[in-house]
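The values are calculated or read from the model by the stated rules, or taken from the named source; none is laboratory data. Because the structure is predicted, anything quoted here is derived from the model rather than measured. Note that each Cβ is placed from the backbone with ideal geometry, even for glycine, and that neighbours are counted across all protein chains shown. We work out accessible area using only protein heavy atoms, side chains counted, and drop any ligands, DNA or RNA first. Shrake-Rupley method; radii C 1.70, N 1.55, O 1.52, S 1.80 Å.
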Amino acid sequence: MREGPDIAGVAALLGDPARASILGALMAGQALTAGELATTAGVMPQTASGHLAQLREAGLIAVEQQGRHRYYRLAGADVAAAIEALMDLAAQAGRRRTRPGPRDPQLRAARVCYDHLAGAKGVDLFARLCRNGLVALDGGAIDITAAGAVRFERFGVDVAGLRRARRPLCRTCLDWSERRPHLAGALGAALLSRLYALGWARRIDQTRVIAFSPRGEAEFARLFG
């Protein structure tokens, strides 16, 4: 490519299995130590440190120092969206693990995609928001409607505060397992935070799986219906 951004360097970083595993682990939205990421990637700590340095230099991850510990996280929602898009491409191309993990069905049902709800439940939620006129699609743009603002405020989401934030209010993210969009952006993150706060759902430790309580399942089925 002679013009525009050079994607080769970033693509090479993402193409390494260990670095891909590290980025996949950080899609859970939690900051993790180098040791935790080394275990996830199946490499020695020294090797993980080298991978982390390269990912940080490329702007794909950020690091926070707390006391003696350093915690790594994705650099932002744009990086998470790019990784999710690559997961979708891999799924379309049939590039799946030979042996599915024990939590694969749970991941497909409901998982965290950086900081918002993905999987079948995420896609279902976004479809309901569109169907009931709470968000509006205009070409590639998406926004909260007046009716949506009222409903979200009633649900405990500070819509005015979200609009003042620097982060995009609403955006879609193509779900790799459902092949349909789920809701990302500030609103997507706020809705998932609210599900956690109400005790309807929780993230299972060390995974991206989101588990709903029995009450949460019932309430979610009625949510924005």
- [ ] Go ahead and set up a Gaussian network model of the chain, Cα springs under 10 Å, then flag whichever of ALA38, ALA160, ALA75 fluctuates most.
- [x] ALA160
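When the accessible area of segment 102-180 is computed with all protein chains present and a 1.4 Å probe, what percentage of it is carbon and sulfur?
Numbers: 2140 of 4070 Å².
Looking at segment 102-180 in its full context, I get 53 percent from C and S.
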Task: GNM top mover of ARG180, ARG68, ARG166 - the chain, alpha-carbon springs below 10 Å - done: ARG68
Task: Long-range amide H partners of VAL135 with built H, under 5 Å - done: CYS130, THR145
TODO: Could you work out how far apart the two model spin labels at THR39 and ARG179 are, taking each label as a point 7 Å from the Cα in the direction of the beta carbon, and quote it in nm?
DONE: 3.7 nm
TODO: Report, in whole Å, the centroid distance computed from the Cα atoms of segment 47-77 and segment 9-27.
DONE: 12 Å
Task: Cα coordinate range in segment 72-197, projected on the principal axes (Å, largest first) - done: 47, 34, 31
Task: Debye intensity ratio I(q)/I(0), log10, segment 10-115, q values 0.10, 0.14, 0.17, 0.23 Å⁻¹ (C-alpha model) - done: -0.28, -0.55, -0.82, -1.44
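Show that you can apply the helix-only estimate: for the chain, add -39,500 (n - 2.57) for every DSSP H stretch of four or more residues, divide by all residues, and state [θ] at 222 nm to the nearest 500.
On the way: 11 runs with 109 residues, N = 225.
Counting only the DSSP helices, I get -14000 deg cm²/dmol.
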Task: Formal net charge of residues neighbouring LEU52 (Cβ-Cβ distance under 10 Å; K, R +1; D, E -1) - done: +2
- [ ] Over all alpha-carbon pairs of the chain, lay out the pair-distance distribution in 10 Å bins, whole %, shortest bin first.
- [x] 7, 31, 34, 21, 6, 0
TODO: Normalising by the residue count of segment 80-225, find the relative contact order in percent from Cα pairs under 8 Å and 6+ residues apart.
DONE: 28 percent
